[in-house]
1. Out of all the residues in the stretch 138-163, which are under 9 Å from Asn223 (Cα atoms) and not in a strand (DSSP E or B)?
2. Quick check on my filter: what residues within the stretch 177-194 are assigned to a strand (DSSP E or B), open to solvent by 10 Å² or more (accessible area, probe 1.4 Å) and either under 14 Å from Leu225 (Cα atoms) or not aliphatic (A, V, I, L, M) (or both)?
3. Filter the stretch 199-233 for residues that are hydrophobic (A, V, I, L, M, F, W, C) and under 15 Å from the mean Cα position of the chain (by Cα); which is nearest to Asp138 (Cα to Cα)?
4. Within the stretch 148-162, can you find the residues that are in contact (Cβ under 8 Å) with a residue 40 or more places away in the chain and open to solvent by 10 Å² or more (accessible area, probe 1.4 Å)?
5. Could you go through the stretch 4-16 and let me know if any residue there is in contact (Cβ under 8 Å) with a residue 24 or more places away in the chain, part of a loop (DSSP other than H, G, I, E, B) and open to solvent by less than 50 Å² (accessible area, probe 1.4 Å).
6. For the list (1) modelled with pLDDT of 95 or more; (2) under 28 Å from Asp148 (Cα atoms); (3) open to solvent by 70 Å² or more (accessible area, probe 1.4 Å), I need the number of the one condition that Pro81 fails.
7. Of all residues in the stretch 195-215, which are surrounded by fewer than 20 Cβ atoms within 10 Å (Cβ to Cβ), in contact (Cβ under 8 Å) with a residue 40 or more places away in the chain and farther than 19 Å from Tyr92 by Cβ?
8. Whether any residue in the stretch 121-131 is surrounded by 15 or more Cβ atoms within 10 Å (Cβ to Cβ), polar (S, T, N, Q) and not in a strand (DSSP E or B) is what I want to check.
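The values are calculated or read from the model by the stated rules, or taken from the named source; none is laboratory data. The shown structure was predicted, so the numbers you read here are calculated from the model rather than taken from an experiment. Virtual Cβ from ideal backbone geometry, glycine too; neighbours counted across all protein chains shown. These accessible areas exclude ligands, DNA and RNA; they are computed on the full protein's heavy atoms, side chains included. Shrake-Rupley method; radii C 1.70, N 1.55, O 1.52, S 1.80 Å.
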Amino acid sequence: MSNAEQQYAQFRADRIAEVTAQRGALSLVLTHWDQPGEPAASEATALADFPDTAVLTRLSRPHIDTGEMQHGYRVWQSDSPAAQAFEGIDAYPYDPAWVVTGRFEFVDADRVVPFEHLRDGGALRRHAVSGDLVFTHDGTEYRVEALDTELPTGPGLQLVFADTTNGAETYGAGRFLYVPLPDLGRALKPGDVLPVTLNFNTAEIPPCGFSNQMNCPLPPLRNRLPFAVGAGEKKVQYADGFSL
């Protein structure tokens, strides 16, 4: 087994550990948002209908219409129905052809782009997208929108993408790909171009594939690739008869 294949095997093992953790996506049983301007619900109120083993975490965000601060919470149960029915994550074998060299073209640190989310009924939320992620496939250049994010290794990008495998072979709403950014040793300025590697073998099913209480961003039009990405995770495997 090559070093790249060993790293891929470790990635898959880490993913199982991630989604099955106490606060992994499989454990999320409720996401609740109070009305804007209302005080945050007490822990006793939030957990009233849940067993003693349930865990509460707090949320806050600007309301999508008014911008007023909105409080919310999540409830996690490590023995949730989804966690009990979970049998694994189906994935493609490692393929070195899907390790793609690309570039990140920095535009503006304050640049934001609207994204639709699964549970927002078509409304749009704005996310930081400070530049363009560019790569070539079969001789055609693709320019996609990737969200700014922080990875364990440092600054990076979160690509929310769709391709022609969605629905038939892979999760229907699209997948995520995390792309590390190299460190220039200084703040980026408009026009900077950074080399990046897109390892589609590490494409992930988004958290909404593990819990219907997750509100995942959906691929914008530019991120709907007109070809099959035969790499990365396919679908969550649940026991027969189980459905989110």
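1. Within the stretch 138-163, the first condition is being under 9 Å from Asn223 (Cα atoms), and the residues that meet it are 142-146, 159-163.
The answer is Asp163, and nothing else.
2. Taking the stretch 177-194 first, the residues assigned to a strand (DSSP E or B) are 177-180, 193-194.
After this cut, where a residue has to be open to solvent by 10 Å² or more (accessible area, probe 1.4 Å) as well, the list is 178, 180, 193.
Matches in the stretch 177-194: Tyr178, Pro180.
3. Filtering the stretch 199-233 for residues hydrophobic (A, V, I, L, M, F, W, C) gives 200, 203, 205, 208, 210, 214, 216, 218, 221, 225, 227-229, 231.
Remaining after also requiring under 15 Å from the mean Cα position of the chain (by Cα): 200, 203, 205, 208, 210, 214, 216, 218.
Values: Phe200: 15, Ala203: 19, Ile205: 24, Cys208: 31, Phe210: 33, Met214: 34, Cys216: 29, Leu218: 25 Å.
Within the stretch 199-233, the match that is nearest to Asp138 (Cα to Cα) is Phe200.
4. Keep residues of the stretch 148-162 that are in contact (Cβ under 8 Å) with a residue 40 or more places away in the chain, which gives 157, 159-162.
Selection gives Ala162 alone.
5. No; the residues of the stretch 4-16 include none that is in contact (Cβ under 8 Å) with a residue 24 or more places away in the chain, part of a loop (DSSP other than H, G, I, E, B) and open to solvent by less than 50 Å² (accessible area, probe 1.4 Å).
6. Unmet condition: (2).
7. Scanning the stretch 195-215 gives Pro195, Pro207, Met214, Asn215.
8. Keep residues of the stretch 121-131 that are surrounded by 15 or more Cβ atoms within 10 Å (Cβ to Cβ), which gives 125, 127, 129-131.
Imposing the further condition that a residue be polar (S, T, N, Q) reduces the set to 130.
Still in the list and also not in a strand (DSSP E or B): 130.
So far as the stretch 121-131 goes, yes, one or more of its residues are surrounded by 15 or more Cβ atoms within 10 Å (Cβ to Cβ), polar (S, T, N, Q) and not in a strand (DSSP E or B).
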